[in-house]
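Novice: My structure is below; once you've seen it, I'll send some questions.
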Amino acid sequence: MAVRAPTVAVIGAGPYGLAAAAHLRAAGAETLLFGEPMSFWHEHMPEGMLLRSSPTASSISDPGRRLTLARYCDANARTAPNPLPLDDFLAYAGWFRSAAGLVVDRRRVTRVERASRGFRLHLDGDAVAVTRVVVAAGIAPFARRPCVFRDLGEPLVVHSVDVRAGARFKDRRVVVIGAGQSALETAALIHEAGGDVEVVARAPRVRWIPTPHADGLVWRLERLAHAPTEVGPRGISWVAALPDVFRRLPRGVQAQIGPACIAPMGAYWLRSRLQDMRLTLGRDVVAAEQRRDCDRVLLRLSGGESREVDHVVLGTGFHVDVRRYDFLTPELIRSMRLADGSPVLGTGLESSVPGLHFIGASAAHSFGPVMRFVVGTAYAAPGLARHVTGRPPAPLIRAW
């Protein structure tokens, strides 16, 4: 008797959702893909943004490794610029979706609950029964907001994830909190749009990603020391590039590798754009309050300094906590094994709830920091597809 192929719902149509759907369909799984295509990138990435990853590390995975960024550029008779503009990456993602023949149901999944033979998805008054669910819903709900800003809301305090255009801050005094790529690039874009910007960070210095060398011995040595994923420092990047190796390491070792790979850093091409901007480093914001007599924010910094500004932008990154996904029922959340909000995953990126999978940043606790980057689709999508369709796991799947 033939075994019916599983029906899999993929929630999220960003790079990980697109890659998962492409691999699952090719493996013979009936696949439903839900979400607005690339919605996070359209709605939460700033206009004029440049990708930190180079074009060679920015391809979305497909089964035949044919739908690469380089192939897209060849098809359009152009060379991928480095750094890669956001609009170019969005155009590539649209081409990928079309070339892979992916049909996206743009309705919003409002609830996922267990059913007798899998799960039931509720969406816009309708319900769909599926065997498995793959959560690729992105990081928008995970924006980290330090508790010192808890009582201050928009428009006085916003997270960088909600800053699309720097022009809204023209002629305004703005403090950007943080020293990572998101904070520094947001600061540069606001400054270039006419805002008066200061960067405040607890880090004692800004760490810069080195300028790549075009050729020669130094370039060849750098290529050997760093994995093609471009995630992590010398040597460590090779461990992060092999998620099956990472997940078998002692938790104490994993806890050192993860932060080392995603430590706040700025891309080399941002350095010149920040030359005439004020950087206040080695300082914490210890208090923040709204001035009673005007719509401004008073910041008190460690060391006794203070700032009075029109807006604060939090470039403070993200903390994965799947309990913030409003479509997961409390029963599902209670049934999952979590580690500080991250699902603990096994083979095929499957959670402790059978049939419920997580890919993308939500998988970083178990499979390493490369899951936070587009290049990680090269591991997640094939590993997921093999498990879902009952094939034994490959001995080693690389994340590039």
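The values are calculated or read from the model by the stated rules, or taken from the named source; none is laboratory data. Since the structure is predicted, the reported quantities are computational estimates derived from the model, not experimental observations. We place every Cβ from the backbone using ideal geometry, glycine too, and count neighbours over all the protein chains shown.
Novice: Just wondering, is there one or more residues in the stretch 102-113 that are surrounded by fewer than 17 Cβ atoms within 10 Å (Cβ to Cβ) and assigned to a helix (DSSP H, G or I)?
Specialist: No - not one qualifying residue is present in the stretch 102-113.
Novice: Only one residue in GLU47, GLU30 is surrounded by fewer than 19 Cβ atoms within 10 Å (Cβ to Cβ) and either touching a residue at least 40 places away in the same chain (Cβ under 8 Å) or outside the structural domain of ALA364 (by TED's automatic domain parsing) (or both), so which one is that?
Specialist: Just one listed residue meets the conditions, GLU47.
Novice: Could I ask something else about it? Could you count how many residues in the stretch 310-330 are hydrophobic (A, V, I, L, M, F, W, C), surrounded by fewer than 20 Cβ atoms within 10 Å (Cβ to Cβ) and closer than 27 Å to GLY195 by Cβ?
Specialist: Residues flagged as hydrophobic (A, V, I, L, M, F, W, C), surrounded by fewer than 20 Cβ atoms within 10 Å (Cβ to Cβ) and closer than 27 Å to GLY195 by Cβ within the stretch 310-330 amount to 1.
Novice: For the stretch 64-78, which positions are at pLDDT below 95 and closer than 20 Å to MET49 by Cβ?
Specialist: Selection gives ARG78 alone.
Novice: Among the residues that make up the stretch 146-156, is at least one of them in contact with a helix residue (DSSP H, G or I) (Cβ under 6 Å, 6 or more places away or on another chain) and either in the same structural domain as ASP295 (by TED's automatic domain parsing) or surrounded by 23 or more Cβ atoms within 10 Å (Cβ to Cβ) (or both)?
Specialist: Looking through the stretch 146-156, none of the residues is in contact with a helix residue (DSSP H, G or I) (Cβ under 6 Å, 6 or more places away or on another chain) and either in the same structural domain as ASP295 (by TED's automatic domain parsing) or surrounded by 23 or more Cβ atoms within 10 Å (Cβ to Cβ) (or both).
Novice: Being surrounded by 13 or more Cβ atoms within 10 Å (Cβ to Cβ) and outside the structural domain of GLY12 (by TED's automatic domain parsing) narrows it down to one residue among ILE333, ILE359, ILE397; which is it?
Specialist: Sole residue among the options that is surrounded by 13 or more Cβ atoms within 10 Å (Cβ to Cβ) and outside the structural domain of GLY12 (by TED's automatic domain parsing): ILE397.
Novice: Scan the helices (runs of 4 or more DSSP H) fully inside the stretch 1-75 and keep the ones with 3 or more residues being farther than 30 Å from ALA183 by Cα.
Specialist: Those helices (runs of 4 or more DSSP H) span 15-26, 69-75.
Novice: Does ALA187 meet the test of being part of a helix (DSSP H, G or I) and aliphatic (A, V, I, L, M)?
Specialist: Yes; evaluated as a whole, the condition is true for this residue.
Novice: Taking the condition of being among the hydroxyl-bearing types (Ser, Thr, Tyr) and either part of a strand (DSSP E or B) or in contact (Cβ under 8 Å) with a residue 40 or more places away in the chain (or both), how many residues in the stretch 336-363 meet it?
Specialist: Here the count works out to 3.
Matching residues to (1) over 15 Å from ALA179 (Cβ atoms); (2) in contact (Cβ under 8 Å) with a residue 12 or more places away in the chain; (3) not in a strand (DSSP E or B):
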| site | (1), (2), (3) |
| --- | --- |
| VAL286 | yes, yes, no |
| ARG300 | yes, yes, no |
| GLU308 | yes, yes, no |
| VAL313 | no, yes, no |
| THR316 | no, yes, yes |
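Novice: So which residues in the stretch 381-400 are in a helix (DSSP H, G or I) and in contact with a Leu (Cβ under 7 Å, 6 or more places away or on another chain), if there are any at all?
Specialist: GLY383, LEU384, ALA385, VAL388 - these are the residues of the stretch 381-400 that are in a helix (DSSP H, G or I) and in contact with a Leu (Cβ under 7 Å, 6 or more places away or on another chain).
Novice: Then there's this: Collect the residues in the stretch 76-101 that are more than 15 Å from ILE60 (Cα to Cα), under 21 Å from the mean Cα position of the chain (by Cα) and not in a helix (DSSP H, G or I), keeping them in residue-number order.
Specialist: Once the filter is applied, which keeps residues that are more than 15 Å from ILE60 (Cα to Cα), under 21 Å from the mean Cα position of the chain (by Cα) and not in a helix (DSSP H, G or I), the stretch 76-101 yields ASN82, PRO83, PRO85.
Novice: Looking at ARG323, ARG386, can you tell me which residue is touching a Pro at 6+ places or on another chain (Cβ under 7 Å) and either touching a residue at least 12 places away in the same chain (Cβ under 8 Å) or under 23 Å from PRO259 (Cβ atoms) (or both)?
Specialist: ARG386
Novice: Could you please give the count of residues in the stretch 206-245 that are under 18 Å from the mean Cα position of the chain (by Cα) and modelled with pLDDT under 90?
Specialist: Selection size over the stretch 206-245: 0.
Novice: In the stretch 148-176, which residues are assigned to a strand (DSSP E or B) and under 19 Å from the mean Cα position of the chain (by Cα)?
Specialist: VAL158, HIS159
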